[in-house]
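Here's the structure, in structure tokens; my notes come after.
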Amino acid sequence: MRSFLRPFVKSVIVCATAFALIGSAGLSQAQEKKAVLSQAFQSMLYLPVYVAQDAGFFKKHGLDVTKQTAGAPSTALSAVLSGSADFSLHGPEWTAIAASKGAPVNIIANVVNGAAVWIATTPDFKFTSIKDLKGETVVTGQMPTTSTSLFLKLLKENGMDNESVKMIQVQLGSEIGPLAAGQAKAAVMYEPGLDQAVARGMKVVLGFPKLYGPYAFSAITAKKDVDPDTAQRFVSALQDALVYMQSSSNQAAVIDIAKKEFPTLDPVVVESATKRMLAEAVYPKSVDISAASLEVAMATQIALGNLQAQPVYADLISQKFIKAALTGK
């Protein structure tokens, strides 16, 4: 588990060494520009980006964004390093590790600011604390994934470890299978899997968003020499989308966008998942990333041995585009 990032680190070093400086072209706001975003997955966590796209905020800021799905965080970030994408969307730990190895990247905007992981159990399971899971079978996502990382961290904080429970690691999104089949009493889940489980009679017993508070979970990464005009348009559009999502009068429209982005999912599940993440502050109020939220997120990676030390906030988080987006400049 501690070594799962090593192959990626090696590729980061190669990409960083081969990286060529590209000059920025200062175009006017009136002229539409194109940009490519490489997202790790098509995920309900990334709804703020989809709102920026589908509600017209990118277009409002003169930006034509092409969304690509990489299939893995390391692949998404590698797209930025190779120059095939302008921005990537994934957990900030990948950027922190790449930057620590010399890659010219930093984080330019917040997308998910809550530890968007929950524990669900069968309806008959009595749960009062995490210690009730000792000796039980628990379904988790296949590592590396933040959901399982957070679960292991929580066990450690309560005097337990991965040997204290019987873990069944499965492909992300399939956690509900063993739980519904009676092979486990609990599952560690993301959305929309959580509300799919709820729809099948399972109960939510613990939410990491409430447990940890602000947590830098997913963010936008770019090269340090990203075209500043393109980056500013992107971050400003994302800020508009986040403000839009916070208004209760826009909730129906936000849910409609979520349903559009996930047409194969049960619309009732999509609506419930969206409402849950809005209510539990999984989606941030702005593109800003606080030092405290970054620190708690990186502490998870340090506890698992994936990071040696806390990154320097000012080095990893670029405030240039965030500040301008917040002031509307």
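The values are calculated or read from the model by the stated rules, or taken from the named source; none is laboratory data. Values in this document were obtained by computation on a predicted structure and should not be read as measured data. Positions of Cβ are generated from backbone atoms using ideal geometry, with glycine treated the same way; all protein chains shown enter the neighbour counts. Just the protein is used for accessible areas: all its heavy atoms, side chains included, with ligands, DNA and RNA removed. Shrake-Rupley method; radii C 1.70, N 1.55, O 1.52, S 1.80 Å.
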* To do: Using per-residue counts of other Cβ atoms within 10 Å, averaged over each peptide, order 246-258, 207-219 from highest down.
  => 207-219, 246-258
* Asked: Of all DSSP beta bridges in the chain, what percent run antiparallel (nearest 5)?
  -> 50
* Asked: On the accessible surface of the chain, probed at 1.4 Å, how many percent belong to carbon and sulfur atoms?
  -> 53
* Say we join alpha carbon atoms closer than 10 Å with springs in a Gaussian network model of the chain; which of Ala291, Ala116, Ala99 then has the biggest fluctuation? -> Ala291
* Sorted peptide list for 106-114, 221-229, 56-64, 122-130, criterion being average Cβ within 10 angstrom, highest first -> 106-114, 221-229, 56-64, 122-130
* Per residue, how much accessible area does segment 65-128 show when a 1.4 Å probe rolls over the protein heavy atoms, in square angstrom? -> 29
* Structure fact -> Summing -39500 (n - 2.57) over every DSSP H run of at least 4 in the chain, dividing by its residue total and rounding to the nearest 500, the 222 nm mean residue ellipticity is -12500 deg cm²/dmol
* Between Asp161 and Phe125, what is the FRET efficiency for a Förster distance of 22 Å, r being their Cβ-Cβ separation, to the nearest 0.05? -> 0.55
* Structure fact -> Pseudo-spin-label distance Val312 to Gln251, built 7 Å along Cα→Cβ, given in nm, is 4.4
* Report, ordered by chain and residue number, the lysines lying within cross-link reach of Lys67, taken as a straight Cα distance under 18 Å and ignoring same-chain residues fewer than 8 apart. => Lys33, Lys34, Lys59, Lys223, Lys259, Lys260
* Structure fact -> Residue-normalised value, i.e. accessible area per residue, for segment 182-269 at 1.4 Å probe, in Å², stands at 39
* Label-point separation in nm, Arg200 to Thr69, each point 7 Å along Cα→Cβ -> 2.0
